[in-house]
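The values are calculated or read from the model by the stated rules, or taken from the named source; none is laboratory data. Predicted model only: the values in this text are computed from it and were never measured. Ideal geometry is used to build each Cβ from the backbone, glycine not excepted, and the neighbour counts take in all protein chains shown. Note: accessible area is taken over every heavy atom of the protein model, side chains too, but ligands, DNA and RNA are not part of it. Shrake-Rupley method; radii C 1.70, N 1.55, O 1.52, S 1.80 Å.
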Amino acid sequence: MHAISQIILPFDLYAEKNILIRVPAFNTKDSLTLFFDTGAATMVLDNAAAERYQIKADMKQGISGASGTKIYQYATGRTLQLTSSVAIFRVNFVLDDLSRLNATVGRKFDGIIGNDILKNYLTVIDFTNRRLLLYSFNQKLDTKGYTEIGFNFSDGRPIPELPVSIKLLNGDDLSGNVLYDSGAGLTLMVNMPFQQKNDLMRKVGKRVESTQDNLSNKSVTTLAAIGGLKLGPFNFNQKLRINISTDQAGVSAYEGYLGILGAEIINRFDQIIDYNAKRIYLKPNYLNKKNFVTTVPPVKLSLKDNKVIISSIIKDSPAYRSGLREGQTIVSINGRSNTDLQFYKEMMLKENEELEVAYLDANDHINKCRFKIEKLL
């Protein structure tokens, strides 16, 4: 890919889902770690970072979501440095507590950014070399090997909307538009109106109820399996685990959408995202060959104060019957301790394997239990 000039932003790819970039902090001495998310319509800055750099709110706005209406604090018209010599001006920051999301991801970051980069730059996401390449929109890029897919923006949402189709295990085919949201750590979230209209809960057959952590709360989701998904000419013709929403409000309750396409699909492609032309160019990368995980982990884990905590547990699971409960601290699995949250998450996906888990009970005593990871879908 040849260009006259470019901005290069190297990134870390944590758990093969989360793109973390570093940019200069507001004092130009430190740096900020930002979660890059194509579904982020507005930049979010963690309250702790805002306090550290004396970023004050000057506006409030109520926004309705799955858990009701929340009042958000904004710092408007700010400048964000991408490099020491390149900045984005007139950026509005939502000031919010990102500690819950930090704990769920397992890595600390200071903010979330997406649209503020994508609306200003022709953006290349290069997973092979782990970098974002930013160009002016009039720059001609070499798209050889890429597949072009058009997208739209609807209802004032600056998030790409494009069509997909899915095949259910019973053979039914369904199609509709999805929001292109790399910040969602899943394959597909089916929106509540779409699942109701298509009687999806009955058609998918076996399903499991679980919880997921959002920016500031938990919500209940249903996990199920489908037989495949097609995005443009790319056909993932294999069993996939999806989420089905029952939310009555928020993005997963929007009418007119099949749902939300997440990082487990999106990150399998190197991408050129052109907001001016409303085009996304996709080229399969090394992640495209990875098998999809269909195992349902019996527990959800988070990282708090360098401790791995059970944030939720499926009650009808061997893990629950063995004595594990929400709020307990995991000490080790099969005798192995690690402060990397992803290590424990991967252990909980080892279907049919027996695990010995050491954990702290309510009295901070170390107990042990054994159970097998069952096939739930």
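Here is a check on your reading of the model: is Thr123 of a type in the set (Val, Ile, Thr), open to solvent by 20 Å² or more (accessible area, probe 1.4 Å) and assigned to a strand (DSSP E or B)?
No, not satisfied.
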One residue is enough: does region 277-289 have a residue meeting the conditions part of a loop (DSSP other than H, G, I, E, B) and at pLDDT below 95?
no
Exception for Thr76 within (1) in contact (Cβ under 8 Å) with a residue 60 or more places away in the chain; (2) among the β-branched types (Val, Ile, Thr); (3) open to solvent by 30 Å² or more (accessible area, probe 1.4 Å); (4) not in a helix (DSSP H, G or I) falls at (1)
When every residue in region 341-377 that is basic (Lys, Arg) and within 23 Å of Glu209 (Cβ to Cβ) is compared, the one surrounded by the fewest Cβ atoms within 10 Å (Cβ to Cβ) is Lys375
Scanning region 43-65 residue by residue, those of a type outside the set (D, E, K, R), at pLDDT below 95 and open to solvent by 50 Å² or more (accessible area, probe 1.4 Å) turn out to be Met59, Gln61, Ile63, Ser64
Among (1) within 22 Å of Val293 (Cβ to Cβ); (2) within 19 Å of the chain's Cα centre (by Cα), Pro160 falls short only on (1)
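Can you give me the number of residues within region 307-340 that are assigned to a loop (DSSP other than H, G, I, E, B), more than 15 Å from Thr295 (Cβ to Cβ), open to solvent by less than 30 Å² (accessible area, probe 1.4 Å) and in contact (Cβ under 8 Å) with a residue 60 or more places away in the chain?
Final tally of qualifying residues: 0.
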Result of the Cβ filter at 7 Å on region 245-256, keeping first residues that are assigned to a loop (DSSP other than H, G, I, E, B) and partners that are open to solvent by 60 Å² or more (accessible area, probe 1.4 Å), at least 6 apart or interchain, is Thr246/Val220; Ala249/Ser64
Scanning region 16-38 for residues that are of a type in the set (A, V, I, L, M, F, W, C) and open to solvent by 30 Å² or more (accessible area, probe 1.4 Å) gives Phe26
Picking from Leu186, Leu169, Leu179, the residue that is part of a strand (DSSP E or B) and either in contact (Cβ under 8 Å) with a residue 12 or more places away in the chain or more than 26 Å from Ala15 (Cα to Cα) (or both) would be Leu179
Reported set for region 126-160 where residues are acidic (Asp, Glu) and over 25 Å from Leu13 (Cα atoms) is Asp155
For region 349-363 the number of residues that are in a loop (DSSP other than H, G, I, E, B) and either within 19 Å of Asp316 (Cβ to Cβ) or modelled with pLDDT of 90 or more (or both) is 5
Per the filter on region 270-289, residues in contact with a helix residue (DSSP H, G or I) (Cβ under 9 Å, 6 or more places away or on another chain) and either surrounded by fewer than 14 Cβ atoms within 10 Å (Cβ to Cβ) or more than 19 Å from Pro233 (Cβ to Cβ) (or both) are Tyr275
Checked against (1) at pLDDT below 95; (2) in a strand (DSSP E or B); (3) buried (at least 18 other Cβ atoms within 10 Å of the Cβ), Val220 satisfies every condition except (3)
Looking across region 144-154 at residues that are in contact (Cβ under 8 Å) with a residue 12 or more places away in the chain and in a loop (DSSP other than H, G, I, E, B), the single one that is least open to solvent (accessible area, probe 1.4 Å) is Phe151
For this session: Might you let me know whether region 195-214 holds any residue that is open to solvent by 40 Å² or more (accessible area, probe 1.4 Å), basic (Lys, Arg), part of a strand (DSSP E or B) and modelled with pLDDT of 95 or more?
Result: no
